[in-house]
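**Student:** Have a look at the structure that comes next, please.
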Amino acid sequence: MTHDEAPLLADLMPWSVAPLRPGRGWPMGPDAASLKARWAAFLRADDAAREALFRPTRSRTLHSAVAQLPGHPCGTGRLVREAGPCPEPVRVAHGPFDEQWLIPDHRLLDVARPELWRVAGEGQLFVVEQGYVPGAAGPVVLASAALPDGHSPAGRPGR
């Protein structure tokens, strides 16, 4: 079978969702302990420092109201008033061949993709089509049991 004869990924797997987009780097890290320490520092900060640490975007501010992520109980109040414990960090696929830890709090994530969180769990496998990088070698499609975070060498996520 030639490249031109191969079926399209969309024909083989018709349900697709773009990967989540955190929008800020601090809710993700190499280990759960560092994320819990970051959360604690965030909670200790006064209002001005909390805003600087949070790094508001068009999608999320300290005053954003959002629902919980499916399967992850955490606060739904405004982050400006948050005083509770850090939600238990989870593993995510961070681009090809890397996994990181992420605080699964919808208030921290610019685009959380609740539909991905809803299907995540035991037995779920995510297949990610990588963003196109001209002339780059490497896999075009990756499979992982970890929820994909959308990080791509192309600078734009695949699907």
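**Student:** With charges only on Cβ, +1 for K and R and -1 for D and E, what is the dipole size of the chain about its Cα centre, in debye, rounded to 20? Intermediate results must be reported in sequence, preceding the final value.
**Tutor:** On the way: 17 positive and 17 negative charges, 154 e Å.
Result for the chain is approximately 740 debye, rounded to the nearest 20.
**Student:** Another one. How big is the gap, in Å, between the Cα center of the range 1-26 and the Cα center of the range 86-122?
**Tutor:** Cα centroid of the range 1-26 versus Cα centroid of the range 86-122: 18 Å apart.
**Student:** With a cut-off of 8 Å between alpha carbons and a minimum separation of six or more residues, what is the relative contact order of the range 77-135 in percent?
**Tutor:** 21 percent
**Student:** Using a simple spin-label model with points 7 Å from Cα along the Cα→Cβ vector, what separation in nm is obtained for residue 115 and residue 2?
**Tutor:** 3.5 nm
**Student:** Could you give the angle, 0 to 90 degrees to the nearest 10, between helix 32-44's Cα long axis and the longest principal axis of the Cα atoms of the chain?
**Tutor:** 40 degrees
**Student:** Now, a different point. Starting from the Cα-Cα distance between residue 31 and residue 76, subtract it from 0.36 nm times their residue separation and give me the gain in nm to one decimal.
**Tutor:** Numbers: separation 45, 0.36 × 45 = 16.20 nm, distance 2.42 nm.
That pair, residue 31 and residue 76, stretches by 13.8 nm at full extension.
**Student:** Now, a different point. Rounded to whole Hz and in sequence order, give me ³J(HN,Hα) for the range 66-80 from the Karplus expression 6.51 cos²θ - 1.76 cosθ + 1.60, θ = phi - 60°, writing x for Gly and Pro.
**Tutor:** Calculated HN-Hα couplings, in order: 9, 7, 5, 6, x, x, 9, x, 7, x, 10, x, 5, 5, 4 Hz.
**Student:** Along the charge dipole of the chain, which of 103, 1, 80 sits closest to the positive end, that is, farthest toward it, with unit charges on the beta carbon of Lys, Arg, Asp and Glu (+1, +1, -1, -1)?
**Tutor:** Final value for the positive-end residue is 80.
**Student:** In square angstrom, what is the accessible area per residue of the range 1-146 with a 1.4 angstrom probe?
**Tutor:** 58 Å²
**Student:** Between residue 59 and residue 91, take the C-beta separation as r, use R0 = 25 Å, and let me know the FRET efficiency to the nearest 0.05.
**Tutor:** That gives a FRET efficiency of 0.60.
**Student:** Let's test the formula: R0 of 35 Å, r as the Cβ-Cβ distance of residue 127 and residue 24. What FRET efficiency results, to the nearest 0.05?
**Tutor:** 0.85
**Student:** When DSSP beta bridges are limited to those with both residues in the chain, what percentage is antiparallel, rounded to the nearest 5?
**Tutor:** Taking every DSSP beta bridge within the chain, about 85 percent pair in antiparallel fashion.
The values are calculated or read from the model by the stated rules, or taken from the named source; none is laboratory data. Note that the coordinates shown come from a computational prediction; the quantities given were computed from them, not determined experimentally. FYI the Cβ positions are ideal-geometry reconstructions off the backbone, even for glycines, and counts take in every protein chain you see. Only protein heavy atoms, including side chains, enter the accessible area calculation; ligands, DNA and RNA are left aside. Shrake-Rupley method; radii C 1.70, N 1.55, O 1.52, S 1.80 Å.
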